[in-house]
Amino acid sequence: MFTNNQIFAAPLAGVTDRPFRRIVREFAPNAPIVTEMISCHSLVGGRKNCLRNFDRYDEEGPVGAQIFGADAGLMADAARILQDAGAKWIDINMGCPVPKVATRAGAGAFLMRDHRLAGDIMRAVVNAVQIPVSIKTRLGWDDAHRDWRDMINVAADCGVKFVALHGRTRAQLYLGPAVLPDVHGCPLPVIANGDIRCADDLSRASELGYAGAMIGRAMLGRPWIIGTIGGGAAPTNVGNIVRRHLEYSLEYYGAKTAVPMFRKHVAWYSAGMPNSAEFRIRVNGIIDPDELRVAIDEFWGCDLDI
Ligand SMILES: Cc1cc2nc3c(=O)[nH]c(=O)nc-3n(C[C@H](O)[C@H](O)[C@H](O)COP(=O)(O)O)c2cc1C
């Protein structure tokens, strides 16, 4: 089985921001957490919108900053900026299937179709920083091109330190069950990703030769899973977690952005609970942070003293 520092929180755009990472840390202080993907163009160009995603990471524990792009030089520059910002490692996105990234920008999953460009990017990033570099990739572009082993060999040649492997092809997007291949014999440690939800999934990944596991969507509404899946204590009052998450978001983004942004978290936290549909409708109409605080406190019966 894996130890705490082998259970990763996956990068989730729009989710694994600083407030979310603070909550994960309460349950898993040593867990490696990957940031939302950051465009090398935005980062190097200093675009404001991107600087909100990117912070000082120094006091955050093990945080890997994920970058995406198709330009080796810009990727190297972006990696340096994030190293200077205190990232503990740099992760290169080689799996994102969304058209904006994978087809229009020629980045993310597109790099699985061009191992030479992928190699150029990996080498440039590895040479640019002193911290470790990882990649996050998929099984391949589609069923006819399941060449993940070749990609891992290229990564090893380029000096990459480890790989997170999502058990789907680009063509599968996020549909259908993830199938994790046996990774014994790979030249790098491989972290299992895709549909990891419980301790049995960790055991299976370990048997298949993985060096760790990375949890994505199972964190939605359950950020504590990163700690509890390995045997850590679950929260006694979920409402208190929701309230703290809200406070961190308000502090970080300001009320105007944080309140609407927090609606999705409320939906995930409350999913499956009695009256959650009515509660979500109520929350979706709220724009005032105090009103949102009251709604959350009433729904969960919080006993938080913030
Ligand atoms: C909302 C959402 C956002 C995501 N954002 C990223 C991202 O920024 N970078 C990345 O490499 N993968 C991203 N992914 C993919 C996840 O990291 C993960 O590989 C995928 O969800 C499979 O793992 P899971 O079955 O545990 O969710 C995202 C997935 C979702 C659902």
Rounded to the nearest 500, the 222 nm mean residue ellipticity computed for the chain from DSSP H runs (n ≥ 4, each -39500 (n - 2.57)) alone is -12500 deg cm²/dmol
accessible surface per residue for the chain, probe 1.4 Å, DNA/RNA/ligands not counted, whole Å² -> 43 Å²
Expressed as a percent, the accessible surface of the stretch 4-228 that is carbon or sulfur, using a 1.4 Å probe and the full set of protein chains, is 51 percent
Under a Gaussian network model of the chain whose springs join Cα atoms within less than 10 Å, the largest fluctuation of 279, 27, 262 belongs to 279
Note on the stretch 238-300: contact order normalised by length, alpha-carbon pairs under 8 Å, 6 or more apart, percent, works out to 44 percent
GNM of the chain, Cα pairs under 10 angstrom: of 29, 19, 274, the biggest fluctuation goes to 274
Computed curve, the stretch 121-262, Cα-only Debye sum without solvent term, log₁₀ I(q)/I(0) at 0.21 Å⁻¹, is -1.17
For the chain, longest principal axis from Cα atoms; helix 115-128 axis from its Cα atoms; angle between them, nearest 10 degrees, is 70 degrees
Violations at 22 Å Cα threshold for listed pairs 88/161; 88/264; 100/161 -> 88/264; 100/161
Whole-Hz Karplus couplings 3J(HN,Hα) for the stretch 191-196, θ = phi - 60° and coefficients 6.51, -1.76, 1.60, Gly and Pro as x, run 9, 7, 9, x, 6, 7
With the 8 Å Cα cutoff and a minimum separation of six or more residues, the stretch 193-296 has a relative contact order in percent of 22 percent
Heavy-atom accessible area of the stretch 238-300 with neighbours in place, 1.4 angstrom probe: carbon+sulfur share in percent works out to 54 percent
Whole-Hz Karplus couplings 3J(HN,Hα) for the stretch 73-87, θ = phi - 60° and coefficients 6.51, -1.76, 1.60, Gly and Pro as x, run x, 5, 5, 5, 4, 4, 4, 4, 4, 6, 4, 4, 7, x, 4
Calc'd 3J(HN,Hα), the stretch 202-213, phi into Karplus 6.51 cos²θ - 1.76 cosθ + 1.60 (θ = phi - 60°), Hz, glycine/Pro = x, comes to 5, 4, 4, 4, 5, 4, 7, x, 6, 8, x, 9
Helix 238-253 sits off the longest principal axis of the Cα atoms of the chain, rounded to the nearest 10 on a 0 to 90 degree scale, by 70 degrees
Answer check: the chain, Cα atoms, Kirkwood Rh, Rg/Rh ratio of 0.97
For the chain, the longest principal axis of the Cα atoms and the Cα long axis of helix 255-270 enclose an angle in degrees, to the nearest 10, of 90 degrees
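The values are calculated or read from the model by the stated rules, or taken from the named source; none is laboratory data. Source: prediction; values computed, not measured. Accessible surface is based on the protein model in full, side chains and every heavy atom, while ligands, DNA and RNA are left aside. Shrake-Rupley method; radii C 1.70, N 1.55, O 1.52, S 1.80 Å.
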